[in-house]
1. Looking only at region 137-148, filter to residues that are at pLDDT below 95 and in contact with a strand residue (DSSP E or B) (Cβ under 9 Å, 6 or more places away or on another chain); which one of those is farthest from Met59 (Cα to Cα)?
2. Please go through region 62-76 and pick out each residue that is closer than 13 Å to Gly166 by Cβ and small (Gly, Ala, Ser).
3. What pairs come up if the first residue lies in region 174-194 and is more than 15 Å from Leu237 (Cβ to Cβ), the second is assigned to a helix (DSSP H, G or I) and open to solvent by 20 Å² or more (accessible area, probe 1.4 Å), and their beta carbons are under 8 Å apart, counting only those six or more places apart or on different chains?
4. Filtering region 203-233 down to residues that are surrounded by 15 or more Cβ atoms within 10 Å (Cβ to Cβ) and of a type in the set (Lys, Arg), which residue is nearest to Leu247 (Cα to Cα)?
5. For region 30-100, which fully contained strands (runs of 3 or more DSSP E) count at least 3 residues that are without any contact (Cβ under 8 Å) to a residue 60 or more places away in the chain?
6. Look at Phe160 and say whether it is in a helix (DSSP H, G or I) and at pLDDT 90 or above.
7. Could you say which residue among Asp187, Asp143 is open to solvent by 50 Å² or more (accessible area, probe 1.4 Å) and more than 26 Å from Val48 (Cβ to Cβ)?
8. Identify all residues within region 107-140 that are touching a residue at least 40 places away in the same chain (Cβ under 8 Å), open to solvent by 80 Å² or more (accessible area, probe 1.4 Å) and not in a strand (DSSP E or B); write none if there are none.
Amino acid sequence: MESPLWEVCVVRWAFAILLGMGALQSIASQSFSTSDSPSVSISLPPNVPSEMVQIVYHMVGPFGGRGGYVKQGVGLHSYEIVSSEEGNAATEIKMIVYASGCEIQTFVVPMTDDSRVHREFECRPARSVTLSGQIVPNELFRDKNAELIVSYFAFWAHEFFGIVDGAVAEFRLAAVTPDANGMFQVDLPQFSADTETSSSQRRASLRFMLRDSKTWNVIASDLVPELPEFRLEDHSLRIQSYYPSGLKFTPGPSSWP
């Protein structure tokens, strides 16, 4: 006698659950096993929210070189980077760590096959300069949920990481909302290493991007300071200890999405 249809369904459902539990146990065991991998952990100060910390790294080893950004998380006391690739341990890892209001800190960490290294990020307060600017024309953002994103581009990171090409390390500094006239105000960090560098050297720069705050669609990818003395060759803002009030920013040649 054949079993009723509902009994067959219950058996199949229970079997599916057992398979799912087995898969979860397998995933859990795989995640647990990664704790034996060589790694570097960066401990954070208690007064620095983990979601405000940005880390970019580059490591070298038998696999060559590999780098990237560490995914930000909320409520963390530290960040961990697995320092291996395809089963090969890195011989060295370099990291650049930034948190809002703090100086940028760099780390160079030699590694061995079973290294589990700990380092501490110390928030040394960074000086700041206030930029009061205006985006023109206002048709650019009228009737849009405009949000201005300010980023720090660290050209010096290539030399620090020992690479000659690749994407420039980028750190998000601020997100502000311009008013109906395009006016905005933002406090920009003055990293000590940048202020000690000759203004003729392109060690780093500041870039401004306008996007829709709800959809994140880009409105203008590159806003350029109108005054040439505050503008670098790539049209980004020169890092300085003073900016005139009402400095105007207009869409750059490659600004439109």
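1. Pro137
2. Those that are closer than 13 Å to Gly166 by Cβ and small (Gly, Ala, Ser): Gly64, Gly65, Gly67, Gly68.
3. Ala180/Asn138; Asn181/Asn138; Gly182/Asn138
4. Only one residue fits best here, namely Arg231.
5. Values: elements: 39-43, 53-61, 64-69, 78-82, 92-99.
Passing ranges, in order: 53-61, 64-69, 78-82, 92-99.
6. yes
7. Going through Asp187, Asp143 in turn, just one is open to solvent by 50 Å² or more (accessible area, probe 1.4 Å) and more than 26 Å from Val48 (Cβ to Cβ): Asp143.
8. Asp113, Asp114, Glu122 - these are the residues of region 107-140 that are touching a residue at least 40 places away in the same chain (Cβ under 8 Å), open to solvent by 80 Å² or more (accessible area, probe 1.4 Å) and not in a strand (DSSP E or B).
The values are calculated or read from the model by the stated rules, or taken from the named source; none is laboratory data. Bear in mind that the values here come from a model prediction, so they are computed numbers and not experimental data. Quick reminder, even Gly has a Cβ in these numbers, built from the backbone with ideal geometry, and neighbours come from all protein chains shown. With ligands, DNA and RNA removed, areas are computed over all heavy atoms of the protein, side chains included. Shrake-Rupley method; radii C 1.70, N 1.55, O 1.52, S 1.80 Å.
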